[in-house]
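The values are calculated or read from the model by the stated rules, or taken from the named source; none is laboratory data. Because the structure is a prediction, the values reported are computed rather than measured. Positions of Cβ are backbone-derived with ideal geometry, glycine not excepted, and every protein chain shown enters the neighbour counts. With ligands, DNA and RNA removed, areas are computed over all heavy atoms of the protein, side chains included. Shrake-Rupley method; radii C 1.70, N 1.55, O 1.52, S 1.80 Å.
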Amino acid sequence: MMTTLILIVATAAAWLLATIWRRARHVPKVNIEYFAFEGDNSAARYIAEAGSLLARGYEKYTKDGQPFAIRNASDPRRPVAILPLRYLEEVKNAPQSKLSFPLFMEKASVIKDICGPEMTEEAQTIARMDLNKALNKLIQPMQEMVAKAYDKEMPPCPDWTLINPRQLIAQSFARIATRVLVGPELCEGRWLTLSRDYINSVIKAPGVVRHKYPHWLRWVAKYIEPSVHAVLKYRREGAELLRPVLEARIAELDDTAPQTGGEKERHERQHEDAIQWLLEEFRARGKKLTPDALAQNIYVIMTAAIDSTSSTALWMLFDLLDHPDAMAEIREEILRVSGRAADFVWTRHALGELRVLDSFMRESLRVHSFTQITIERMAAEPFTFKDGLHIPKFSQLAFPRYPYGMDAGVNPDPKTFDYKRHLKKRTGADAAKFHFASVSEDTLAWGTGMHACPGRFLAQEALKLIFLRLVSRYDIKHDGEKRPGPDRMMGLFMGPDASANILVKEVASST
Ligand code: HEM
């Protein structure tokens, strides 16, 4: 009897191992040219130089309208298909059940295995709809958050004073995002540092899990892996902070339900923040919102928002320092629109009048890029384009965002930083296009279709509020001849030199 049992267990184990081995070896490949480094083609080289490979692939294939494949840092068995623009419409129109952005995020960051924030339909909907509807009302609290960050982070500087701007910028945006997402009740306290702790843990854990655990064993990481325990700890802490606010909001909504039917949007909202939007969105779908689900939905938006916007802001600052002519013109524009009033209360309309600043920001976004590729999707099922290009299940595709912005056919004289480039386009055919947050044909920076960044208008207004305060109240310059160092490269990710210092000095009369 015992021998039979051992035989059964041994046969089952052998079958399991053989299946895992077979699956690991037989991953279907994208059937297009694989573009790799000549000579050293190691993972380390990709981490340092993938951008240059992408640029060469763009010249060789994309400009000819051809797709090519490139090593996939998160899953070297499945190269990423880099597509030319002729595929954009089909990708845009493909439903999420076929070409999926959330699935790409989940697999690329092994999000389930690290118990990290998964993109949900509720988070997508409130970021797309409620956030943008509420933006007018949120400008004033956002301005107050920027003032608080400056009060805390900017030292008195009657004379030239050395500061590290990363902290000022990161704190300004973190406060804005915190106010918008967790509301006035929580925006001042622990949440500010907690969201940073959480994001850091979510950035760290996927690399550790991928490195230490084979594919088929990753599910155990949540039980034994310290870096995943860190994610879980901050997730629990977030849920506990949110719990009393959520309970109060539920009680309030229950009280107003008889008049409104409890339906979303039927009543004048008392609160404009993601807690309220998510609560109402969950109810509208007949679902119960728990503190943990609330924390996860807020964290997923925060993770998308914070580092992308903070890095963009730091690059913008360095570009401003490199272009004193632009800085002078932008300061003049801010003073004109605000009527030189120090206590001017900005509105969306007034921010919209800052057209030179807007064009400057868009140019900065063109020449710096947090990610060199965009519109990343994973095939949730085998996907075949009209021309026969086949993307196997669980393979990824993307578009070359950075090389596209630097293509002379798309943006003439691309190496010149022309801060009025987009302003000139706006004064041409279509004034509504080509502002910072526009998804138009000269940029892939915001993605496309239903997944096009829903936070781009928030980013636009936040960056303006952060910069108008800096430029109108302070003179700023590089630390002597010491310029910021080169961008940090991490595969197809880039980041500005966060260690660079700058000099600041209060101006005598200011806005
Ligand atoms: C300069 C700053 C930012 C840049 C460059 C940026 C860029 C992007 C890009 C390229 C995508 C993917 C689009 C696609 O694949 O088609 C995206 C998605 C997203 N972004 Fe942003 N983003 C920024 C700021 C923000 C902010 C402030 C928020 C806060 C609400 C945000 C929330 C999101 C969300 C929730 C998604 C996923 C959308 C979906 O799944 O449908 N982003 N962003």
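Quick check: is even one residue across the stretch 168-179 over 18 Å from the mean Cα position of the chain (by Cα) and open to solvent by less than 70 Å² (accessible area, probe 1.4 Å)?
yes
Considering the stretch 123-136 alone, what residues qualify as being open to solvent by 10 Å² or more (accessible area, probe 1.4 Å) and over 17 Å from the mean Cα position of the chain (by Cα)?
MET129, LYS133, ASN136
Among the residues in the stretch 142-152, are any over 20 Å from the mean Cα position of the chain (by Cα), among the hydroxyl-bearing types (Ser, Thr, Tyr), more than 16 Å from the ligand (Cβ to nearest atom) and within 30 Å of LEU503 (Cα to Cα)?
Yes, the stretch 142-152 contains a residue that is over 20 Å from the mean Cα position of the chain (by Cα), among the hydroxyl-bearing types (Ser, Thr, Tyr), more than 16 Å from the ligand (Cβ to nearest atom) and within 30 Å of LEU503 (Cα to Cα).
Which of the residues belonging to the stretch 319-350 are within 23 Å of HIS368 (Cα to Cα) and open to solvent by less than 50 Å² (accessible area, probe 1.4 Å)?
ASP319, LEU320, LEU321, HIS323, ALA326, MET327, ILE330
Would you point out which residue out of PHE457, PHE436 is surrounded by fewer than 19 Cβ atoms within 10 Å (Cβ to Cβ), under 22 Å from the mean Cα position of the chain (by Cα) and modelled with pLDDT of 95 or more?
On inspection, the qualifying residue turns out to be PHE457.
Which residues, taken from the stretch 405-433, are surrounded by 15 or more Cβ atoms within 10 Å (Cβ to Cβ), closer than 21 Å to ARG355 by Cα and free of Cβ contacts under 8 Å to residues at least 60 places away in the same chain?
GLY405, ASN411, PRO414, ASP418, LYS425, LYS433
Take the stretch 409-450 and flag every residue that is of a type in the set (Gly, Ala, Ser) and more than 26 Å from ARG377 (Cβ to Cβ).
Answer for the stretch 409-450, where residues must be of a type in the set (Gly, Ala, Ser) and more than 26 Å from ARG377 (Cβ to Cβ): GLY428, ALA429, ALA431, ALA432.
At least 3 residues that are in contact (Cβ under 8 Å) with a residue 40 or more places away in the chain in each: list the helices (runs of 4 or more DSSP H) lying fully within the stretch 188-307 that qualify.
Those helices (runs of 4 or more DSSP H) span 191-212, 226-260, 274-284.
Give me a count of the residues in the stretch 361-377 that are among the hydrophobic types (A, V, I, L, M, F, W, C), more than 7 Å from the ligand (Cβ to nearest atom) and in contact (Cβ under 8 Å) with a residue 60 or more places away in the chain.
Qualifying residue count for the region: 2.
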